[in-house]
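Engineer: I have a structure here, written as structure tokens, and I will follow up with some questions on it.
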């Protein structure tokens, strides 16, 4: 390459790294859910206040996002300046040095206002490594009108047995109404979020104290049999293609009688601009298993983090501070109403009377988040609707594919459990968990 071409190449690289007029361009990878789409729409507020920073968005489906980000950060690819990651990745990637501590969020950021459960989940060695955009637990969302018409009263603390019985009675395939919409799309953060939450309420566990998988135990057979039968009897056709977004759309269009999933869905179901059944939606705590005590509550947050490969750390933290601040909450409220603000991250929001009045699901969401870790047995690993070990991303996705085949009728529950047991044990052995 001669001197002239080298100069041209350098100039082109500079243009790629900067925006119009020499502005710095941040590349942001995020998930294609409603809250993140809203953030993109409102980001003109940030760029107006920071004309020296431009934004480039890479918006991906959940499973694809996780795969792209994991590959990029593990190989130090450097494609992104800001990554949308979960409470699963945050502590693991922080320990590996893949993401940077967020220590330049500004004096008015008020990190102390973050809900303790969420702040702890995205911290490592006492430092915040990811800023929570919204937090969630699991809730039961249901059609009040369908329950009333069928003469079924929703108890204060429903069991899964009650929900299954109601779902079968409320299923009307001729009218395209399905009693139970549940995640079936394979993925550790898709169907396995629902299945693991269900398993927790049934008393099933992924591993014992020696890291041996437990799929050969009765509690797992009870869990997967219950799940497969319910999906067959009361779930939508093609359920193995349905994740969070697909079930959200089904419910909004009036096709679901019950849906147990992320509490963040509540605001989208209650918004008459987005939901045909906004005035017919009821909320209850997630169902309990056979013992009537464990709701299988999950804990999750989508968060913004800076990969260690980024060369634009100061600008990235400035954007993250804007997107996860109290002022951003106020901006959303002014544009779309208090019911649609990102939930589950700040104590002040859950004490705000305007939010509490607009969001009837707010208090039970906070209670579910706070109780997500209460009553869980002592194990060598931390778990909610996922297991916080590096290997879980691959193992959970593999097991999710196996269980999806059982839902689709391609294999029996017994065979699926045997495959899950064998493959998980093999993967844990390769990872060095057994001496």
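Engineer: Is there a residue being modelled with pLDDT of 90 or more, more than 30 Å from residue 28 (Cα to Cα) and either in contact with a strand residue (DSSP E or B) (Cβ under 9 Å, 6 or more places away or on another chain) or part of a helix (DSSP H, G or I) (or both) anywhere in segment 343-351?
Structural biologist: The initial filter retains those residues of segment 343-351 that are modelled with pLDDT of 90 or more, namely 343-351.
Restricting the remaining residues to those that are more than 30 Å from residue 28 (Cα to Cα) gives 351.
Remaining after also requiring either in contact with a strand residue (DSSP E or B) (Cβ under 9 Å, 6 or more places away or on another chain) or part of a helix (DSSP H, G or I) (or both): 351.
Yes, the conditions are met somewhere in segment 343-351.
Engineer: Do you know which residues across segment 40-76 are assigned to a loop (DSSP other than H, G, I, E, B) and either over 21 Å from residue 101 (Cβ atoms) or free of Cβ contacts under 8 Å to residues at least 40 places away in the same chain (or both)? Full working, then the answer.
Structural biologist: Going through segment 40-76, the residues assigned to a loop (DSSP other than H, G, I, E, B) turn out to be 43, 50-52, 61, 75-76.
Those that are assigned to a loop (DSSP other than H, G, I, E, B) and either over 21 Å from residue 101 (Cβ atoms) or free of Cβ contacts under 8 Å to residues at least 40 places away in the same chain (or both): 43, 50, 51, 52, 61, 75.
Engineer: Which of the residues that make up segment 22-59 are out of contact with any strand residue (DSSP E or B) (no Cβ under 9 Å at 6 or more places or on another chain) and at pLDDT below 90?
Structural biologist: Once the filter is applied, which keeps residues that are out of contact with any strand residue (DSSP E or B) (no Cβ under 9 Å at 6 or more places or on another chain) and at pLDDT below 90, segment 22-59 yields only 22.
Engineer: Next up: Can you tell which of 380, 390 is in contact with a helix residue (DSSP H, G or I) (Cβ under 6 Å, 6 or more places away or on another chain), closer than 30 Å to residue 427 by Cβ, assigned to a loop (DSSP other than H, G, I, E, B) and touching a residue at least 24 places away in the same chain (Cβ under 8 Å)? Please lay out each step first, then the result.
Structural biologist: Numbers: 380 fails: in contact with a helix residue (DSSP H, G or I) (Cβ under 6 Å, 6 or more places away or on another chain).
Checking each option against the conditions leaves just 390.
Engineer: Between 395, 388, which is in the same structural domain as residue 197 (by TED's automatic domain parsing), surrounded by 15 or more Cβ atoms within 10 Å (Cβ to Cβ) and modelled with pLDDT under 95? Even if it seems obvious, please write down each step before you answer.
Structural biologist: Details: 395 fails: modelled with pLDDT under 95.
Selected residue: 388, the only one of 395, 388 that is in the same structural domain as residue 197 (by TED's automatic domain parsing), surrounded by 15 or more Cβ atoms within 10 Å (Cβ to Cβ) and modelled with pLDDT under 95.
Engineer: Here's a check for you: in segment 93-104, which residue that is at pLDDT 95 or above and surrounded by 15 or more Cβ atoms within 10 Å (Cβ to Cβ) is nearest to the chain's Cα centre (by Cα)? So that I can check it myself, show each step before the final result.
Structural biologist: Our first condition is that a residue be at pLDDT 95 or above; within segment 93-104, this holds for 93-102.
Subset that is surrounded by 15 or more Cβ atoms within 10 Å (Cβ to Cβ): 93-94, 98-102.
On the way: 93: 17, 94: 19, 98: 21, 99: 19, 100: 22, 101: 22, 102: 21 Å.
Residue satisfying both the conditions and the ranking: 93.
Engineer: Take residue 238 and decide whether it is at positive phi and over 19 Å from the mean Cα position of the chain (by Cα). Let's see the steps before the verdict.
Structural biologist: Details: at positive phi: yes; over 19 Å from the mean Cα position of the chain (by Cα): yes.
Considered against the rule, which asks whether it is at positive phi and over 19 Å from the mean Cα position of the chain (by Cα), residue 238 comes out as yes.
Engineer: Given the criteria closer than 30 Å to residue 75 by Cα and in a loop (DSSP other than H, G, I, E, B), does residue 275 qualify?
Structural biologist: On the way: closer than 30 Å to residue 75 by Cα: no; in a loop (DSSP other than H, G, I, E, B): yes.
No.
The values are calculated or read from the model by the stated rules, or taken from the named source; none is laboratory data. Since the model is a prediction, treat every value here as computed from it, not as a measurement. Neighbour counts are summed over all protein chains in view; Cβ atoms, including those assigned to glycine, are modelled from backbone coordinates with ideal geometry.
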